[in-house]
1. Just to check your reading of the model, which residue among Arg122, Arg127, Arg57 is of a type in the set (Lys, Arg) and within 21 Å of Val15 (Cα to Cα)?
2. Pull up the range 184-199, narrow it to residues that are open to solvent by 10 Å² or more (accessible area, probe 1.4 Å) and out of contact with any helix residue (DSSP H, G or I) (no Cβ under 6 Å at 6 or more places or on another chain), then point me to the one that is nearest to Leu3 (Cα to Cα).
3. Residues being of a type outside the set (Lys, Arg), in a loop (DSSP other than H, G, I, E, B) and open to solvent by 30 Å² or more (accessible area, probe 1.4 Å): count how many of those fall in the range 27-48.
4. What residue, of Ala237, Ala244, Ala248, Ala219, is open to solvent by 10 Å² or more (accessible area, probe 1.4 Å) and under 19 Å from the mean Cα position of the chain (by Cα)?
5. So, Ala87, is that one more than 19 Å from the chain's Cα centre (by Cα) and open to solvent by less than 60 Å² (accessible area, probe 1.4 Å) or not?
6. Check the range 9-25 and report whether any residue there is part of a strand (DSSP E or B) and open to solvent by less than 20 Å² (accessible area, probe 1.4 Å).
7. Quick one: count up the residues across the range 200-214 that are open to solvent by 30 Å² or more (accessible area, probe 1.4 Å), closer than 11 Å to Thr251 by Cα and either of a type in the set (Gly, Ala, Ser) or part of a loop (DSSP other than H, G, I, E, B) (or both).
8. Of all residues in the range 110-141, which are under 21 Å from Ala87 (Cα atoms) and either under 17 Å from the mean Cα position of the chain (by Cα) or surrounded by 24 or more Cβ atoms within 10 Å (Cβ to Cβ) (or both)?
Amino acid sequence: MKLGCNTVLFAGFDVQEALDQIAFAGYEYVELAAIKGMCEHLSVDQGTRGAEEVGKRVEAAGLIATAVEAATTDPERLARVCELAAAIGIDIVNVGSGGKSGDEESTKEAIANVVRLADVARDHGCRLAVKPHVGQAIFDAATALRLTAEVDHPALGLNFDPSHLYRADEDPDDVARQWGPRIITSHFRDCASRERQVGPPPTQVPGRGTVDIPATLRALKDVGYAGPLNLEVIGAASYTLPQATSIAAETRGYLNRCLQELG
């Protein structure tokens, strides 16, 4: 598995500082945040030339970019993000489904829109990774399996986030075994409880919360998953650079040891 860090952890800093600190913390891989209103280290306003410059900075930092977090259900915006991802050579773009949990009409609309989004990703040489998200139409193991059953699309896969699954009253290790090869990337983090609201950044650090991280990693290994494990910590925009870096470094050390123990 490819242990990386999403630059959203460093939302309060520019992309160069984010890349430098992620590399200093020992990571080999990085996910670039292109999240409107939260963190745009990869911005649609940059154009492809700007994206290529970001790609050069990633390479200069000694990192490999594995994914972009777009977090959009707008096909037009997704197309622009995919253009930037393709310019850097990134083929995984992460989104949520949108919609509302437990609402059949909303779920049907969300699934229909995912088809449009997957077409956009395919047309730009990317793969669309949909993350089941608390409160959205696709939010747990069953709705994700419904999505992949109803949408047989070569550019569609799932983004496995144990914290969202845990807060949907799922056991992430069990979900990993259910999803198997449908998982093409992972936003990896912990949480303090099954409460629906995500907690502050320290509770998202793997090993500090209540998710069984070793069991989850073991399940991913058992299903043959060898893709990205990108730490995604939100809510740290006001943190100092040392605080954000300590979260990245602690996580890298813990997860790297867990992966070593898996053999």
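1. Values: Arg122 fails: within 21 Å of Val15 (Cα to Cα); Arg127 fails: within 21 Å of Val15 (Cα to Cα).
The match here is Arg57.
2. Taking the range 184-199 and keeping what is open to solvent by 10 Å² or more (accessible area, probe 1.4 Å), we get 184, 192-199.
Filter once more, so that each one left must be out of contact with any helix residue (DSSP H, G or I) (no Cβ under 6 Å at 6 or more places or on another chain): 184, 193, 195, 197-199.
Values: Ile184: 14, Ser193: 24, Glu195: 27, Gln197: 26, Val198: 22, Gly199: 23 Å.
Among residues in the range 184-199 that are open to solvent by 10 Å² or more (accessible area, probe 1.4 Å) and out of contact with any helix residue (DSSP H, G or I) (no Cβ under 6 Å at 6 or more places or on another chain), the one nearest to Leu3 (Cα to Cα) is Ile184.
3. Filtering the range 27-48 for residues of a type outside the set (Lys, Arg) gives 27-35, 37-48.
Right, trim to in a loop (DSSP other than H, G, I, E, B) and you get 27-28, 37-38, 41-46.
Pick out the ones that are also open to solvent by 30 Å² or more (accessible area, probe 1.4 Å) and you get 28, 37-38, 45-46.
Residues flagged as of a type outside the set (Lys, Arg), in a loop (DSSP other than H, G, I, E, B) and open to solvent by 30 Å² or more (accessible area, probe 1.4 Å) within the range 27-48 amount to 5.
4. On the way: Ala244 fails: open to solvent by 10 Å² or more (accessible area, probe 1.4 Å); Ala248 fails: open to solvent by 10 Å² or more (accessible area, probe 1.4 Å); Ala219 fails: open to solvent by 10 Å² or more (accessible area, probe 1.4 Å).
Exactly one of Ala237, Ala244, Ala248, Ala219 is open to solvent by 10 Å² or more (accessible area, probe 1.4 Å) and under 19 Å from the mean Cα position of the chain (by Cα), namely Ala237.
5. yes
6. Narrowing the range 9-25 to residues part of a strand (DSSP E or B): none.
Checked against the condition, which is being part of a strand (DSSP E or B) and open to solvent by less than 20 Å² (accessible area, probe 1.4 Å), the range 9-25 yields no hits at all.
7. The number of residues fulfilling the criteria is 2.
8. Quick first cut of the range 110-141, residues under 21 Å from Ala87 (Cα atoms) only: 117-129.
Selection gives Leu117, Ala118, Ala121, Cys126, Arg127, Leu128, Ala129.
The values are calculated or read from the model by the stated rules, or taken from the named source; none is laboratory data. The structure presented is a predicted model; accordingly, all values stated were derived computationally and were not measured. With ideal geometry, Cβ positions are generated from the backbone for all residues, glycine too; neighbour counts draw on all protein chains shown. All accessible areas refer to the heavy atoms of the entire protein, side chains included, with ligands and DNA or RNA removed. Shrake-Rupley method; radii C 1.70, N 1.55, O 1.52, S 1.80 Å.
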